[in-house]
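The values are calculated or read from the model by the stated rules, or taken from the named source; none is laboratory data. No experiment lies behind these values; they were computed from the predicted model shown. All Cβ positions, glycine included, derive from the backbone under ideal geometry; neighbour counts span all protein chains shown.
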Amino acid sequence: MDLDLAIRGGTIVTSSGRYKADVGIRGGRIVAIADTLTAPDEIDATDRLVMPGGIEAHCHVAQESAAGLMTADDYRTGSISAAFGGNSTFIPFAAQHRGMSVAETLELYHERGKDSVLDYAFHLIVTNPDQQAVEHDLPEAFRQGITSLKVFLTYERMMVADSTFLDVLALAKSAGGLTMVHAENNGMIDWMSRRLVAAGHTEPRYHAISHPALAEAEAINRAISLSKLVDAPLLIVHVSTREGAELVARAQAEGAKVFAETCPQYLFLTRDDLDLPGMEGAKFMCSPPPRDAETQEVLWQHLARGTFTVFSSDHAPYRHDESGKLANGPEATFKQIANGMPGLAARLPLLFSGVTSGRITLEQFVALSSTNAARLYGMYPQKGEIAVGSDADIAIWDPAETREVRLEDQHDAMDYTPYEGMRLTGWPVAVLSRGERIIEDGACVAEPKRGRFVTRGPSDYFGRPGITVPEMDPARNFGAMVKP
Ligand code: URP
Ligand code: ZN
Ligand code: ZN
Ligand code: ZN
């Protein structure tokens, strides 16, 4: 068979196993996997791991925050940074802001997305699911392959009421889509914040105090309960606590269609990182906040036992200057500082350190970095797999390379990385997207704007039966049928 390119001599790793073979590529797709393949163009992958390119499924680029602050990264710098981190696809958010319709939101983000060097999709952040949205714009978004929505239970300018959340869950379910939720109790955070600020406790470290673990547990429990009422699939994003992970694991054991995500900041940082002099701690402010060393261990255990389907960066890049964290001056209270931290390039090397330390297997690394996201978000097997017929989206890793995380290697628009100086073993050395080299020899060699919008289908995971609560069971029908 005529090939354009062959990757030779490496160990292929998928979410279900590993084996030595060559990979043959033609027309941007994997067309052969065999012992020995030759091609006019070859990549030597001896002593290397050949894995599906990472799929970054939670990041904010070219997006205004709730307070109107633009992220430092756009689709160009964000996609390049993600590529350096071993990713070949990413799914940023298209955020509906006050006064914008869902249709206008999508039009805006389709324009922004054109700068991407990686293939990309959008999750739609819904803040105002009004009649126009529910009856027309959201079903239309699903038809256009945007099959996941995110709602917030906190942030005054973004949050939705429980009954509105139920509307979104039911609508997404009927369209085969997935609802994602930022689950923290807004009232608890607001109450604690007001008291802390009134007492003069305004430094970044109080951001972590004002987001107690209980606020996450309460909102996760509520979100799971709401999803069970209408038997709709739900993904809890950025779970940061033991209590949250345990609630998810329990719901999964009951058979509920509940999925969860965690992020590197909850495995590698703690609330003590916010406790730096002056405004330095602002670099480590995100919501929910990093917790403690014991929680890090518990979250690693939940990664290993499968509670988490995806592991994402939640890259929310605000520089440590007047354009970002310091926009409200050096005297700002923690309530006036943008939340979020970068992680597009660091996510996968950080996760790989869990392979090196024996906390997760290589196969779990592939599942968490790529394959599960492709399945959950309706891109499988086009993305997230090394198999004949899949896009040739491939990351080649050197599992033995050891080096430190450095800002200059992130290639994003940021002026810091929260992981600076961490010494990690296992790094991506080359990345292909649809058979084209995009990262090679430490450089980005991608054509500008080469990324394509990925039209997604329904999730792979929704086929299995879920939970029907008695009051919603048509078979029981206590005299009043309620359709979700
Ligand atoms: O602090 C964070 N995570 N900022 C980004 C927005 C969000 O909540 O995901
Ligand atoms: Zn969030
Ligand atoms: Zn986020
Ligand atoms: Zn660079």
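Observations
Residue by residue, here is whether (1) within 21 Å of LEU368 (Cα to Cα); (2) within 16 Å of ligand 4 (Cβ to nearest atom); (3) at pLDDT 95 or above; (4) in contact with a strand residue (DSSP E or B) (Cβ under 8 Å, 6 or more places away or on another chain) holds:
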position	(1), (2), (3), (4)
GLU261	yes, no, yes, yes
PHE268	yes, no, yes, no
PHE284	no, no, yes, yes
ALA293	no, no, yes, no
ALA304	yes, no, yes, no
SER312	yes, no, yes, yes
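- Candidates are the residues of the stretch 33-69 that are within 16 Å of ligand 1 (Cβ to nearest atom) and more than 20 Å from LEU118 (Cβ to Cβ); the one that is surrounded by the fewest Cβ atoms within 10 Å (Cβ to Cβ) is GLY68.
- Search result, residues across the stretch 1-50 that are in contact with a strand residue (DSSP E or B) (Cβ under 9 Å, 6 or more places away or on another chain) and of a type in the set (S, T, N, Q): THR11, THR14, SER15, THR36, THR38, THR46
- Of the helices (runs of 4 or more DSSP H) lying entirely inside the stretch 85-182, those carrying at least 2 residues that are modelled with pLDDT of 95 or more and surrounded by fewer than 24 Cβ atoms within 10 Å (Cβ to Cβ) are 102-113, 162-174.
- Near pairs, Cβ below 7 angstrom, 6+ apart or cross-chain, from the stretch 259-279 (among the charged types (D, E, K, R)) to any residue that is surrounded by fewer than 19 Cβ atoms within 10 Å (Cβ to Cβ): ARG271/ASP292
- Of the residues making up the stretch 220-244, those that are within 20 Å of the chain's Cα centre (by Cα) and part of a helix (DSSP H, G or I) are ILE220, ALA223, ILE224, ARG242, GLY244.
- Tally of residues being in contact with a helix residue (DSSP H, G or I) (Cβ under 9 Å, 6 or more places away or on another chain) and either within 24 Å of ARG291 (Cβ to Cβ) or among the charged types (D, E, K, R) (or both) across the stretch 226-253: 19
- Pick from the stretch 402-432, criterion more than 16 Å from ligand 1 (Cβ to nearest atom), among the β-branched types (Val, Ile, Thr) and in contact (Cβ under 8 Å) with a residue 40 or more places away in the chain, ranking: surrounded by the fewest Cβ atoms within 10 Å (Cβ to Cβ): THR425
- Taken together, ARG305, ARG271 contain a single residue that is among the basic types (Lys, Arg), surrounded by fewer than 24 Cβ atoms within 10 Å (Cβ to Cβ) and out of contact with any Lys or Arg (no Cβ under 9 Å at 6 or more places or on another chain), which is ARG305.
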